[in-house]
Amino acid sequence: MSEALQEIKDLTDADYEYGFSSDLDTDIAPPGLDEDIVRLISSKKDEPAWLLEWRLKAFAAWKSMEEPDWAKLEINPIDYQALSYWAAPKMKPVLDSMDDVDPDIREMFDKLGIPLHEQKTLSNVAVDAIVDSVSVTTTFKKTLAKAGVIFCSFSEAVQDHPDLVREHLGSVVPVRDNYFAALNSAVFSDGSFCYIPAGVRCPMELSTYFRINAMNTGQFERTLIIAEDDSHVSYLEGCTAPQRDENQLHAAVVELVAKDRAEIKYSTVQNWYPGDENGVGGIYNFVTKRGRAHTDAKISWTQVETGSAITWKYPSVILQGDRSVGEFYSVALSSKRQQADTGSKMIHIGADTTSSIISKGISAGHGQNTYRGLVKVLRSAKNARNYTQCDSLLLGSECGAHTIPYIEVKNPSARVEHEASTSTVGEDQLYYCRQRGMSEEDAMSMIVNGFCREVFDELPMEFAVEAQRLLSVSLEGSVG
Amino acid sequence: MLHVNNLNVSISDTVILNGLNLDVGPGEVHAIMGPNGSGKSTFAHALAGRDGYQIAGTATLDGVDLLDLEPEARAAAGLFIGFQYPVEIPGVNNMYFLRTALNSVRRARGDTEIGARDFLAVAQEAMDLVEMKPGFLNRAVNAGFSGGEKKRNEILQMAVMEPRLAVLDETDSGLDIDALRIVASGVNALRGPERSMIVITHYQRLLEYIRPDFVHVLVDGRIVESGDHTLALHLEDNGYADFVNHDLDDAPTRPLSGATR
């Protein structure tokens, strides 16, 4: 191995800094999945009958479906009966204020850099903190309520706003949509719910922080965001998990509804435990994210994916209303033995709809990174426009980058552009930076961050800084 | 200042530099001229520490042997290379790059880092030197720059980094006459008693603007002739023919006026 390759290897073998596990007293269901477990979850959450029925329908659907195998992923068989489908940290029953949050949980979030005290949190960001299967707290609820914004855990929404949930749940991602969405629909435990009334510009960023803590559990959260006419919301999502030797399953569903002229900006920084350099452990991340944009509405997905052993994720926009806009900005890093098969789907239904996809894939170590995207223009979508740009960056010689675009156009007035490039971090670039006095690590980090610039520019400020840091940490190692 | 002693460099077992000796005193400007493939650029990159070179000999800058150091440590020791082909770094802001570079060497030398506002003043001065328009610093490093802009950017970087020794590798190549004048006047402004320069070039033209104290002719990996700036004029008239077909065994006996003290 040449010196430069060795250095790249060192850079990408950095340790996962959120790998600690917390000793929380956890209420956990026995492993296995059958109707009784679905009923147990529903009764634990004291759900109305319609929701139990919905879950059971999903469970029946899931049993009849098969795991998808079209992705470019090598996955150890998942034993769905070996997992536990319910884990919740035991805590005091009522939370009147942040001071009531279990000190152990608060300590865990402090350690993650997400303080749950409102006065200590990032100014202007409300946080819903989710551990394993349940939401443990939501900050800034009162401030938001003044604006009429509902931001709470999914379970609370089921209790307090059942009509809103019932109307929209499954309206964007139906239970039979795909294998993992069906599984999630049957056993989802918690997640975030967000409702922005007509004409309201949400006064702060909304954020959910997901943490898997318990062993041998799956995490199945469900997020639903409804933006009424002329409203605006920016939503952030962050994730980490302890370092464990077995693979943990995470299968989430996110549904966005942007009504007429509404705008939803959804940003994710995903840093689940990626497994070690031999591919042992790590999160299996199978996520279905989709939004429906009504007339003149806009949905924008921005994701920075640095974690997970397996990433299977295609945030999509159904451009239903005329002149609606869909955007997808993505940075996906696969190092060690990580595999990512990720991209976006833009479904153009309305006239004059526009979508853009900017995807930056970074492969290092033995990582495999696949962009898979679909641009579909239906007959009704007169003058639809799409621009897609997929750039891949290879660090080292044992990783891979693949680009698989699907384009289906049924209306001849559509204009669809696709650009793709593959490059390496040139030894020349590193040498140039080092001649100017920078360490190899700093140079690598600078070049990779430069490669991702267009995507980072889309992130809210705090997240952009976090994303750059995360990318640097993920590439950092024992150099020097 | 710089003492290069018996420098031998091979790339993939092909000998490129073959016993090169050179002494550069404080404040001196030396020109190295020579035909294509004579090893001029290899000399610059051997000093800077590019990967893939097999190296023997010594090259001390202010008493420190550069050849023992990582490239970034050589930069911190005061070595600056003006690249013949500056690389593009898409997405990295030129200003950010420059400040990171400057602060990296300052840190390595134990100096305090320079803040964004103070840096702006430093950068502005450097911009004026190479007649760069405002906005230049907000573009990505060399990305989409014209040939002339890239070379001016190298001189701008040199002005900011304030090196002890600058090696300018064919800084004149690809420049039109106006760009050449700007680059040369930038270089001249940066001359000083504590800064030495090695100017590598094919053509005498650059040396009309940057008057060197010494001129060396590099052929087949060693310096075969040294003199003052009139040597460059001689080369302009006669080419390298006088030096190219010489018997290599003869070379060390040729006078090394000026270069070796």
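A few notes on this one:
- A:GLU462 vs. criteria surrounded by fewer than 18 Cβ atoms within 10 Å (Cβ to Cβ), farther than 28 Å from B:PRO86 by Cα and either modelled with pLDDT of 90 or more or away from chain B (no Cβ under 14 Å) (or both): yes
- Odd one out for A:ASP100 among (1) at pLDDT 60 or above; (2) among the charged types (D, E, K, R); (3) out of contact with any helix residue (DSSP H, G or I) (no Cβ under 6 Å at 6 or more places or on another chain): (1)
- Among the residues of the range B:142-176, those identified as within 14 Å of chain A (Cβ to nearest Cβ) and part of a loop (DSSP other than H, G, I, E, B) are B:ASN142, B:ALA143, B:GLY144, B:PHE145, B:GLU162, B:PRO163, B:ARG164.
- Tally, over the range A:39-83, of residues that are of a type in the set (Ser, Thr, Tyr) and under 26 Å from the mean Cα position of the chain (by Cα): 2
- Which numbered condition A:TRP312 misses (of (1) touching a residue at least 40 places away in the same chain (Cβ under 8 Å); (2) under 21 Å from A:GLY396 (Cα atoms)): (2)
- Test result for A:ARG323, among the charged types (D, E, K, R), surrounded by fewer than 23 Cβ atoms within 10 Å (Cβ to Cβ) and modelled with pLDDT under 90: no
- Checked against the criterion of being crowded, with 22+ Cβ neighbours inside 10 Å and either at pLDDT 80 or above or of a type in the set (A, V, I, L, M) (or both), the candidates B:VAL244, B:VAL217 yield just one match: B:VAL217.
- Filtering the range A:185-208 for residues that are touching a Cys at 6+ places or on another chain (Cβ under 8 Å), aromatic (Phe, Trp, Tyr) and modelled with pLDDT of 85 or more leaves a non-empty set.
- Applying the criterion of being among the β-branched types (Val, Ile, Thr) and modelled with pLDDT of 95 or more to the residues of the range A:295-320, the residue that is nearest to A:LEU73 (Cα to Cα) is A:VAL317.
For (1) of a type in the set (D, E, K, R); (2) at pLDDT 90 or above, each residue gets a yes or a no:
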| residue | (1), (2) |
| --- | --- |
| A:LEU5 | no, no |
| A:ASP27 | yes, no |
| A:ASP36 | yes, yes |
| A:TRP50 | no, yes |
| A:MET65 | no, yes |
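- Matching option when the condition is under 18 Å from A:ARG222 (Cβ atoms) and part of a strand (DSSP E or B), among A:THR302, A:THR288, A:THR311: A:THR288
- Condition check for A:GLY450: at pLDDT 85 or above, facing another protein chain (nearest Cβ under 9 Å), on the phi > 0 side of the Ramachandran plot and surrounded by 20 or more Cβ atoms within 10 Å (Cβ to Cβ): no
- Strands (runs of 3 or more DSSP E) wholly inside the range A:226-265 that include at least 1 residues being modelled with pLDDT under 85 and buried (at least 24 other Cβ atoms within 10 Å of the Cβ): A:232-240, A:247-250
- Single residue of the range A:417-447 satisfying the filter (without any contact (Cβ under 8 Å) to a residue 24 or more places away in the chain and among the acidic types (Asp, Glu)) that is nearest to the other protein chains (Cβ to nearest Cβ): A:ASP428
- Only one of the numbered conditions (1) within 30 Å of A:GLU454 (Cβ to Cβ); (2) among the polar types (S, T, N, Q); (3) surrounded by fewer than 18 Cβ atoms within 10 Å (Cβ to Cβ) is not met by B:THR112, and that is (1).
- A:THR424 meets each of the listed conditions (1) in contact with a strand residue (DSSP E or B) (Cβ under 7 Å, 6 or more places away or on another chain); (2) surrounded by fewer than 21 Cβ atoms within 10 Å (Cβ to Cβ); (3) at pLDDT 90 or above; (4) over 30 Å from A:ILE349 (Cβ atoms) apart from (3).
- Scanning the range B:189-209 for residues that are closer than 25 Å to B:THR60 by Cα and within 14 Å of the chain's Cα centre (by Cα) returns B:LEU190, B:ARG191, B:ARG195, B:SER196, B:MET197, B:ILE198, B:VAL199, B:ILE200, B:THR201.
- Looking across the range B:2-24, the residues that are surrounded by 14 or more Cβ atoms within 10 Å (Cβ to Cβ) and among the β-branched types (Val, Ile, Thr) come down to B:VAL4, B:VAL9, B:ILE11, B:VAL15, B:ILE16, B:VAL24.
The values are calculated or read from the model by the stated rules, or taken from the named source; none is laboratory data. Bear in mind that the values here come from a model prediction, so they are computed numbers and not experimental data. Cβ sites come from the backbone with ideal geometry, for glycine too, and all protein chains shown count toward neighbours.
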